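The values are calculated or read from the model by the stated rules, or taken from the named source; none is laboratory data. What you see is a predicted model; the values in this text were computed from it and never measured. Counting neighbours? That spans all protein chains shown, and the Cβs are built from the backbone with ideal geometry, glycine included. Keep in mind that these areas ignore ligands, DNA and RNA; they rest on the heavy atoms of the full protein, side chains included. Shrake-Rupley method; radii C 1.70, N 1.55, O 1.52, S 1.80 Å.
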Amino acid sequence: MVEADLASVAYAQTQDDADPLRQFRDLFLIPSKADLARSTIVSDNDESPASNADPCTYLCGNSLGLQPTLTRKYYEEYLSVWAQKGVFGHFKPISDTHLPPWLHADDDVRADMATVVGAQESEVAVMQTLTANLHLMMCSFYRPTPTRNKILIEGKAFPSDHFAVESQIAFHGYSPKDSMVLLEPPVSATSPVPLISTAQILEAIDQHSSELALILLPGIQYYTGQFFDIATITAHARAKNITIGWDLAHAVGNVPLHLHDWDADFAVWCTYKYLNSGPGSIGGCFVHERHGHITTTNTSDSSDPQFSYHPRLSGWWGSAQSSRFVMANIFTPIPGAAGFQVSNASVADTTAVRASLDVFKRTTPAALREKSLRLTGYLESLLDGLAERQQGGAQFSIITPRDPKQRGAQLSLLLKPGLLESVMATLEAAGVVVDERRPDVIRVAPAPLYNSFEDVRRFVEVFERACEVPTESGNAGGKDATGSLGVDGGRGEKGWSEIK
């Protein structure tokens, strides 16, 4: 089929009609173009077009996933229980709700979350938030010694990961300057794509194996969208007896994961991107079963049992449910990842997670991956065609790996200098939502649960127009450089670029 056919509405519609997951789109609330343009929130009682009338083209699930239709229903049930039962909502089952008693809210989502990350149920805990979980895991798994105190991390890691590692090293009395081993991509004029190969990572592990106390890497690199070879890298670290953990913020719900089989020591993630659980929602963590064992002994001079377990920071939610409300100040650790919990889980957050996972349960990671590969492959083909016909040469390049096995649902586009503001302004005006990474990158992420081939086609159509808009000192049409979409009211340095 020729390129012109690929770019046609008819072709995209044919692909959507043949998509076995096409009905999942109806399980999400897609903002309309009017929704995005308004400076107000329209209530359900107002006479206005339905939210899904003339929908926007939303390709930003790598920053914030769309709201499942189940979320409002489950929230209303949660609020009704709170209103009608008060504190009894913690303990008493309610027959006409999809939700468990609040005491079991985190337990209720654990098995389904384990399926998403490829783990045993006992190896997963839904708790805290991403960076808080990273700190909790490093408190347990970063055990530096004078000769082995270094942490291997990307030089271009997301700032929160970098800050967490830097502060953990300093907390233990070492110098981040000396104890951080930074992996830098070998970028050159002939190879401007900032990718780190598996071979480079393995070589760095070998070079520093006698000094490394921990390796911390992303499953998918937030900037380029590169999907690291978790299995190979983890096996290499384990063979060197080096603890390895993974930040799966951009991987969970995006690509198939097999954390137990891959033998990772730990992993952490958020739930507001591809897991669609709402902004800043509760996170999750994985702790391999070998680190979750509890050994119990009774001493001769005391009837109180003594417990031996992997070092951790403890809180009452990591203690057995049977003892939580006894108030005896005797910590009875829960086996597995649940024993690493510290505080009771936010019931509001886990309610959103429950709604999201009830959507994921209707399909499989393999089916989502198959569609994702087709969507990104289609996007790549259309972009390559666009680059070939742009006057004056291509105005962008794809910096995400071309090998589909080395990427998830995101393609990152490096624009020619000076184009970013005008491109983002044109996309926004047309109701196309992506995000930016200054100075010159936009990230385009077709999520297979709710995005369509028509979404991809329309993005490229509008993007082609956007690349033709002339810039004026970095601005488009006199528009303020902050634009009008993003955090804190704009797309400035503290706007989209602050969201992981």
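Evaluated against (1) open to solvent by 10 Å² or more (accessible area, probe 1.4 Å); (2) touching a Ser or Thr at 6+ places or on another chain (Cβ under 6 Å); (3) touching a residue at least 60 places away in the same chain (Cβ under 8 Å), SER397 falls short on exactly one condition, (2). Can you spot a residue in segment 96-107 that is polar (S, T, N, Q), not in a helix (DSSP H, G or I) and not assigned by the TED database to the domain that holds LEU216? For segment 96-107, residues polar (S, T, N, Q), not in a helix (DSSP H, G or I) and not assigned by the TED database to the domain that holds LEU216: present.
The residues on offer are SER322, SER381, SER356, SER372, and the sole one that is more than 30 Å from ASN276 (Cα to Cα) and assigned to a helix (DSSP H, G or I) is SER322. Listed conditions (1) within 22 Å of PHE141 (Cβ to Cβ); (2) surrounded by fewer than 24 Cβ atoms within 10 Å (Cβ to Cβ) are all met by ALA267, apart from (2). Of all residues in segment 136-153, none are at pLDDT 95 or above, under 30 Å from PHE24 (Cα atoms) and either assigned by the TED database to the domain that holds LEU29 or not in a loop (DSSP other than H, G, I, E, B) (or both).
Can you name every residue in segment 130-175 that is aliphatic (A, V, I, L, M) and buried (at least 18 other Cβ atoms within 10 Å of the Cβ)? Of everything in segment 130-175, those that are aliphatic (A, V, I, L, M) and buried (at least 18 other Cβ atoms within 10 Å of the Cβ) turn out to be LEU130, LEU134, LEU136, MET137, MET138, ILE151, LEU152, ILE153, ALA157, ALA164, VAL165, ILE169. Looking only at segment 65-87, count how many residues are open to solvent by 50 Å² or more (accessible area, probe 1.4 Å) and within 16 Å of ASP455 (Cβ to Cβ). Final tally of qualifying residues: 0. Counting only residues that are over 18 Å from LEU248 (Cβ atoms) and acidic (Asp, Glu), segment 151-176 holds 1 of them. Is there a residue in segment 231-248 that is without any contact (Cβ under 8 Å) to a residue 12 or more places away in the chain and within 25 Å of PRO146 (Cβ to Cβ)? Yes, segment 231-248 has at least one match. For segment 414-449, the set of residues classified as part of a loop (DSSP other than H, G, I, E, B) and not charged (D, E, K, R) consists of PRO417, GLY418, LEU419, ALA430, GLY431, VAL434, PRO439, PRO446, ALA447, PRO448, LEU449, listed by residue number. Take segment 114-129 and flag every residue that is over 26 Å from THR198 (Cα atoms) and open to solvent by less than 40 Å² (accessible area, probe 1.4 Å). Correct list: ALA114, GLU123, VAL124, ALA125, VAL126, MET127. Residue count for segment 451-480 under the criterion of being in contact with a Gly (Cβ under 8 Å, 6 or more places away or on another chain) and either assigned to a loop (DSSP other than H, G, I, E, B) or modelled with pLDDT of 90 or more (or both): the result is 5. Within segment 108-128, the residues that satisfy the criterion of being out of contact with any Cys (no Cβ under 7 Å at 6 or more places or on another chain) and not in a helix (DSSP H, G or I) are GLY118, ALA119, GLN120, VAL124, VAL126, GLN128.
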